[in-house]
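Have a look at the structure that comes next, please.
The values are calculated or read from the model by the stated rules, or taken from the named source; none is laboratory data. Note that the structure is a prediction, hence the values are computed from the model and not measured. Using ideal geometry, Cβ is built from the backbone for each residue, glycine included, and neighbour counts are taken over all protein chains shown. Side chains included, ligands, DNA and RNA excluded: accessible areas come from the protein's heavy atoms. Shrake-Rupley method; radii C 1.70, N 1.55, O 1.52, S 1.80 Å.
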Amino acid sequence: MNTKLAPTYEKMFGDYWVLWYAISNSYSIINSEFRLLLDSYLASDTQTEFSSTISNHSCNSDSSNLSETIHNYLKDCNTPYSLPNKSSDVLNISYRNISKHYLFGSKNIQIYYSSELVLKTVHPAIAHYSKTTTTETDVIFDIYLKNDNLYLFKNGELMSCVPKKEYHLLQGKFIMQLLCSLHNKTEQDWIGTLHGSTITDGNSSILFIGKSGKGKSTLSALLAINGFELLADDVSPLLSENQHIYYNPLSISIKEGAFNLLQPLVKNFEELPIVEFNKTKGQLKYMPCIKPKHDHYSCQAIVLVNYKPESDTIIEPISIKHILETIIEDSWLSPNPQHAQQFLDWLQKAKLLQLTYSDTNSVSSKISTLFKQFNHEN
């Protein structure tokens, strides 16, 4: 009835369809039955025509209620996507109270912080790159708190201004701009930054996703000390050019609940400083890892992590519904239509799996077997 509300792209995954709506930059997962109703609704010119069409499929259907349900669904999916308002503030160098230099390979990054509290937003995750250097600075960041707002500048240009309670948004923007600097890219080059941790065996990679507390970072730490390499923790950047996941230098953030598990396994773990910035997250330690041989790898699988005490180690297929509902919530995905199509194609090529585990030795063995399977198939 209103084809302007129709999805821009759609792709089938088993029993589900994933739809992307350009105006809202949103992804929707629906079953095949609802997809048929949606197609009938969009193809109908009037309510009467729609009622006649669906009566052929189900004599018990209430066409009026169905029409309203579909209309409301399409209305929600077409809420216009808007970029965050950009402040017009200019850089104030009087907030440059703390200066840190970080050396990422050949890139010398300098960051000015306004206070020790502000320093905690970024520094702990990259502290192992901190250097005393006299080499020429490639990029300068400024992060400061002013009037209860956090500001991020890159080379004097304002990148982000957010309320201090939403500091995670500034962290996300900083990570994106750091990745652009390290990989010589622009923000427009990325399909997105996915909320998940990526591990590589030196040939390909696996993206581990899961709700907070489900053990994906702990699993990444376990795998990193058992012969695998960390490509990215918590934020996994996906590039449009080759659909590979790229190296993110941030350390693995370890929650207090995993301290006892990792302390006997990780060398000098007890010497890692404890960081407490957000009371809801509690105490954290940041575990640095060795940089992988390459900056990027193809992703062979997306694995939903579920740590379950005393469970067997089980890897099994899972639906796109569970994968997308987990990965979308805290990821940033580009509104570019080309990138949206690439994202759907990328999802379709990856194996979608769920990992349930409790035993650390068994899980490393299972992941090793999974990588060997991928290498054999390729």
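Given the conditions (1) open to solvent by 20 Å² or more (accessible area, probe 1.4 Å); (2) over 12 Å from the mean Cα position of the chain (by Cα); (3) not polar (S, T, N, Q), report the number of the one that H339 does not fulfil.
(1)
Turning to a different aspect of this structure: Of everything in region 262-288, what is open to solvent by 70 Å² or more (accessible area, probe 1.4 Å), of a type in the set (A, V, I, L, M, F, W, C) and either closer than 23 Å to I199 by Cβ or touching a Cys at 6+ places or on another chain (Cβ under 7 Å) (or both)? Give them in sequence order.
Residue satisfying the conditions is L265 alone.
Looking only at strands (runs of 3 or more DSSP E) that fall completely inside region 2-56, which ones have 1 or more residues that are without any contact (Cβ under 8 Å) to a residue 40 or more places away in the chain, open to solvent by less than 60 Å² (accessible area, probe 1.4 Å) and under 18 Å from A340 (Cα atoms)? Spell out the reasoning first.
Details: elements: 9-13, 16-21, 26-31.
Strands (runs of 3 or more DSSP E) meeting the threshold: 16-21, 26-31.
Residue under question is S94, and the condition is that it be without any contact (Cβ under 8 Å) to a residue 12 or more places away in the chain, open to solvent by 40 Å² or more (accessible area, probe 1.4 Å), polar (S, T, N, Q) and part of a loop (DSSP other than H, G, I, E, B); does it hold? Let's see the steps before the verdict.
On the way: without any contact (Cβ under 8 Å) to a residue 12 or more places away in the chain: yes; open to solvent by 40 Å² or more (accessible area, probe 1.4 Å): yes; polar (S, T, N, Q): yes; part of a loop (DSSP other than H, G, I, E, B): no.
Judged against the criteria, S94 is not a match.
Of a type outside the set (S, T, Y), touching a helix residue (DSSP H, G or I) at 6+ places or on another chain (Cβ under 7 Å) and either free of Cβ contacts under 8 Å to residues at least 24 places away in the same chain or assigned to a strand (DSSP E or B) (or both): does that describe L145? Before the answer, list the steps.
Working: of a type outside the set (S, T, Y): yes; touching a helix residue (DSSP H, G or I) at 6+ places or on another chain (Cβ under 7 Å): yes; either free of Cβ contacts under 8 Å to residues at least 24 places away in the same chain or assigned to a strand (DSSP E or B) (or both): yes.
Yes: the conditions hold for L145.
I'd like to know if region 289-301 contains one or more residues that are at pLDDT 95 or above, surrounded by 14 or more Cβ atoms within 10 Å (Cβ to Cβ) and among the hydrophobic types (A, V, I, L, M, F, W, C).
yes
Restricting attention to region 198-228, and to residues there that are charged (D, E, K, R) and either farther than 19 Å from Q283 by Cβ or surrounded by fewer than 24 Cβ atoms within 10 Å (Cβ to Cβ) (or both), which single residue is farthest from the chain's Cα centre (by Cα)? Step through it out loud before you land on a result.
To start, the set of residues in region 198-228 that are charged (D, E, K, R) comprises 201, 211, 214, 216.
Going one step further and asking which of them are either farther than 19 Å from Q283 by Cβ or surrounded by fewer than 24 Cβ atoms within 10 Å (Cβ to Cβ) (or both), we end up with 201, 211, 214.
Numbers: D201: 20, K211: 11, K214: 15 Å.
Once the filter is applied, the top-ranked residue is D201.
Let's see how each residue does on (1) assigned to a loop (DSSP other than H, G, I, E, B); (2) of a type in the set (D, E, K, R); (3) closer than 30 Å to K372 by Cβ:
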{"site": "C289", "(1), (2), (3)": "yes, no, yes"}
{"site": "H294", "(1), (2), (3)": "yes, no, yes"}
{"site": "I302", "(1), (2), (3)": "no, no, yes"}
{"site": "D312", "(1), (2), (3)": "yes, yes, yes"}
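Being surrounded by fewer than 11 Cβ atoms within 10 Å (Cβ to Cβ) and assigned to a loop (DSSP other than H, G, I, E, B) is true for just one of S82, S99. Which residue is that? Before the answer, list the steps.
Values: S99 fails: assigned to a loop (DSSP other than H, G, I, E, B).
Result: S82 is the single residue among S82, S99 that is surrounded by fewer than 11 Cβ atoms within 10 Å (Cβ to Cβ) and assigned to a loop (DSSP other than H, G, I, E, B).
For the subset of region 302-335 comprising residues that are out of contact with any strand residue (DSSP E or B) (no Cβ under 8 Å at 6 or more places or on another chain) and not charged (D, E, K, R), which member is surrounded by the most Cβ atoms within 10 Å (Cβ to Cβ)? I'd like the intermediate steps shown before the answer.
Step one: list which residues in region 302-335 are out of contact with any strand residue (DSSP E or B) (no Cβ under 8 Å at 6 or more places or on another chain), which gives 309-310, 335.
When the remaining residues are screened for being not charged (D, E, K, R), the result is 309, 335.
Values: P309: 5, P335: 13.
The qualifying residue surrounded by the most Cβ atoms within 10 Å (Cβ to Cβ) is P335.
So, one more: Given the structure, is L261 of a type in the set (A, V, I, L, M, F, W, C) and in contact with a Phe, Trp or Tyr (Cβ under 9 Å, 6 or more places away or on another chain)?
On the way: of a type in the set (A, V, I, L, M, F, W, C): yes; in contact with a Phe, Trp or Tyr (Cβ under 9 Å, 6 or more places away or on another chain): no.
For L261, the condition - of a type in the set (A, V, I, L, M, F, W, C) and in contact with a Phe, Trp or Tyr (Cβ under 9 Å, 6 or more places away or on another chain) - is not met.
Every residue, every condition in (1) open to solvent by less than 10 Å² (accessible area, probe 1.4 Å); (2) assigned to a helix (DSSP H, G or I); (3) of a type in the set (A, V, I, L, M, F, W, C), yes or no:
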{"position": "T135", "(1), (2), (3)": "no, no, no"}
{"position": "L152", "(1), (2), (3)": "yes, no, yes"}
{"position": "E166", "(1), (2), (3)": "no, yes, no"}
{"position": "L169", "(1), (2), (3)": "no, yes, yes"}
{"position": "Q177", "(1), (2), (3)": "no, yes, no"}
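OK, next. Taking the stated definitions as given, is D89 open to solvent by 40 Å² or more (accessible area, probe 1.4 Å), in contact with a strand residue (DSSP E or B) (Cβ under 7 Å, 6 or more places away or on another chain) and either farther than 30 Å from A6 by Cα or not in a strand (DSSP E or B) (or both)? Let's see the steps before the verdict.
Numbers: open to solvent by 40 Å² or more (accessible area, probe 1.4 Å): yes; in contact with a strand residue (DSSP E or B) (Cβ under 7 Å, 6 or more places away or on another chain): yes; either farther than 30 Å from A6 by Cα or not in a strand (DSSP E or B) (or both): yes.
So D89 fits the description; yes.
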